[in-house]
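See structure below.
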2 protein chains.
Amino acid sequence: MGGETGSKRVPRAVREQQMLDAGVRAFARSGYQNASMDDIAELAGVSKPLVYLYLNSKEELFTACIRREAAALVTAVRAAVERDAPADRQLWSGLSGFFAHAAEHPEGWTLLHVQARTHGQPYAREVAAMRAEIVEFVTQLIGAAAREHALGTARARTLAGTEVSGLAHALVGAAESLADWAGDGRAGGHSAKEAAATLMNFAWAGLGNLLQGTGWSPDRVG
Amino acid sequence: MGGETGSKRVPRAVREQQMLDAGVRAFARSGYQNASMDDIAELAGVSKPLVYLYLNSKEELFTACIRREAAALVTAVRAAVERDAPADRQLWSGLSGFFAHAAEHPEGWTLLHVQARTHGQPYAREVAAMRAEIVEFVTQLIGAAAREHALGTARARTLAGTEVSGLAHALVGAAESLADWAGDGRAGGHSAKEAAATLMNFAWAGLGNLLQGTGWSPDRVG
């Protein structure tokens with residue numbers, strides 16, 4: 001009913017997103033302990049009682065911020081992947097999507113990667129669940145690539161499930177580390193594309209060899 | 001003076017190490033908030049006032065635990081590296097040392113990788129400094145390997161400094177992720193050797209190609 005000019009006319013769903021925007025910014029910048037509900041209300045341009053009315057408590061606001069940013073990250077990565085493309089293109093597109101999202105939402109990334117893990121449970125659990133989802137996604141991608149290669153060439157061997165799982169964990173850990181590296185202003189900053197290309201070169205040339213059955217062995221002369 | 005039978009005759013340095021042992025165990029298992037000085041004193045087999053006399057406060061005990069474990073980890077990695085060996089052997093020996101140390105000191109690893117980062121500053125800074133030292137060490141190792149390859153073969157190109165830095169961050173992130181994967185009982189557990197071999201295969205076959213100037217490019221057909 002009516003126009004959207006007065007602050008009271010803004011729909012609840014929109015107001016909530018504004019509060020979450022303010023929460024993500026405040027928590028990422030000041031940390032959970034130091035960010036105050038006063039600051040968050042001011043950043044969102046609403047009264048503090050309205051924040052409590054909509055989000056109940058600082059704990060629930062923090063949880064809601066983590067959930068929204070985690071869902072956005074997973075959605076961005078899934079949407080970026082070029083399905084039905086060759087496995088390396090799929091990985092490249094997924095990594096490009098990940099680094100681009102982290103670069104475009106530095107506060108969301110800091111919230112997930114630093115703040116959510118630095119305040120114990122239940123927040124760390126939320127992030128662990130998101131991470132497990134991404135690891136599973138990468139595991140399936142590598143597994144599919146391994147099967148594809150095994151069909152295509154006689155030399156290839158199928159990677160064991162435990163190897164695929166280990167490789168997926170390595171890749172996700174490397175991506176997290178590079179997202180921090182890219183976002184670190186002290187290091188001069190690196191573009192999302194640079195981070196994706198670095199990891200793709202690191203990972204794919206290695207995975208590519210593995211998939212063709214030519215791994216590294218400690219007995220080989222270096 | 002005298003024998004070492006009575007608890008009062010144990011030298012201070014030895015007592016302090018026992019307190020740090022107890023602290024690492026208690027903090028890794030229960031988290032910083034939940035671990036009590038009573039528990040730690042009991043685990044160490046001393047009175048609580050003695051813990052306060054030697055370590056001052058829970059905060060200082062936590063810091064001392066982090067410093068000791070960080071120094072032990074860095075020392076273990078440095079000692080494991082086979083200097084003067086080819087670059088891949090150096091990396092392999094360093095990774096083997098890292099995963100073996102993490103597997104032999106699971107509580108120390110948990111303290112550094114989870115607990116020290118989940119309680120804000122100044123603890124997170126201690127771990128960040130240790131991590132920066134390891135990244136720098138890996139950066140130098142990759143840089144030396146790149147120069148070695150560039151001398152040895154006409155095809156090779158020297159990796160740019162920014163690429164070397166990115167690769168070092170990727171490798172360290174992958175190693176951290178795989179140490180958790182190896183230590184995760186729910187995943188069935190994986191040996192330190194398995195984790196080192198997985199990462200070496202992933203990283204070296206990729207790095208090996210990079211050093212020879214054959215990286216992956218998005219324009220190449222997959």
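Once you average over the residues of A:89-101, how many Cβ atoms of partner chains fall within 10 Å of each Cβ?
Numbers: counts 4, 1, 2, 4, 1, 0, 0, 1, 0, 0, 0, 0, 0.
Mean partner-chain Cβ count within 10 Å for A:89-101: 1.
Gain in length, residue A:72 to residue A:14, computed as 0.36 nm per residue apart minus the alpha-carbon separation, to one decimal in nm? Can you show the working numbers first?
Details: separation 58, 0.36 × 58 = 20.88 nm, distance 1.67 nm.
Between residue A:72 and residue A:14, full extension yields 19.2 nm more.
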Label distances, nm, residue A:161 versus same residue in remaining copies, Cβ-directed 7 Å point: 4.8
At q = 0.10, 0.11, 0.12, 0.14 Å⁻¹, what base-10 log of I(q)/I(0) does the Debye formula yield for segment B:2-138 when every alpha carbon is treated as an equal point scatterer in vacuo? -0.39, -0.46, -0.53, -0.69
At a 10 angstrom cut-off on C-beta neighbours, averaged per residue, how do the peptides A:138-144, B:29-35, A:107-113, B:172-178 rank from highest to lowest? B:172-178, A:107-113, A:138-144, B:29-35
Applying the Karplus parametrisation 6.51 cos²θ - 1.76 cosθ + 1.60 with θ = phi - 60° to the phi angles of segment B:42-55, what ³J(HN,Hα) value in whole Hz is obtained for each residue in order, glycine and proline being reported as x? 5, 4, 7, x, 9, 7, 4, x, 5, 4, 5, 4, 7, 10
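Give me a single rounded figure for A:176-182: the average over its residues of other chain Cβ atoms within 10 Å of their Cβ.
On the way: counts 6, 13, 6, 2, 2, 9, 2.
Going residue by residue through A:176-182 and averaging, the value is 6.
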Between residue B:79 and residue A:85, with labels modelled 7 Å along Cα→Cβ, what's the label distance in nm to one decimal, could you check? 4.7
Compute the label-point distances linking residue B:89 to its equivalents in the other copies; points lie 7 Å from Cα along Cα→Cβ; give nm, one decimal, shortest first. 4.3
Shortest first and in nm with one decimal, please list how far the residue B:45 label point sits from its counterparts in the other copies (point 7 Å along Cα→Cβ). 6.6
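Could you give the length gained by full extension between residue B:136 and residue B:33, i.e. 0.36 nm per residue of separation minus their alpha carbon distance, to one decimal place?
Contour length minus Cα-Cα distance gives 33.8 nm.
Using only atoms on other chains, find how many Cβ atoms lie within 10 Å of each Cβ of peptide B:161-167 and report the average.
Details: counts 0, 6, 5, 1, 5, 14, 6.
Counting other chains' Cβ atoms within 10 Å and averaging over B:161-167 gives 5.
None of the figures in this text is laboratory data; all of them are computed from the coordinates on show. Predicted model, so just to flag it, every value in this text is computed and none were measured. Every residue, glycine among them, receives a Cβ derived from its backbone with ideal geometry; neighbour counts consider all protein chains shown.
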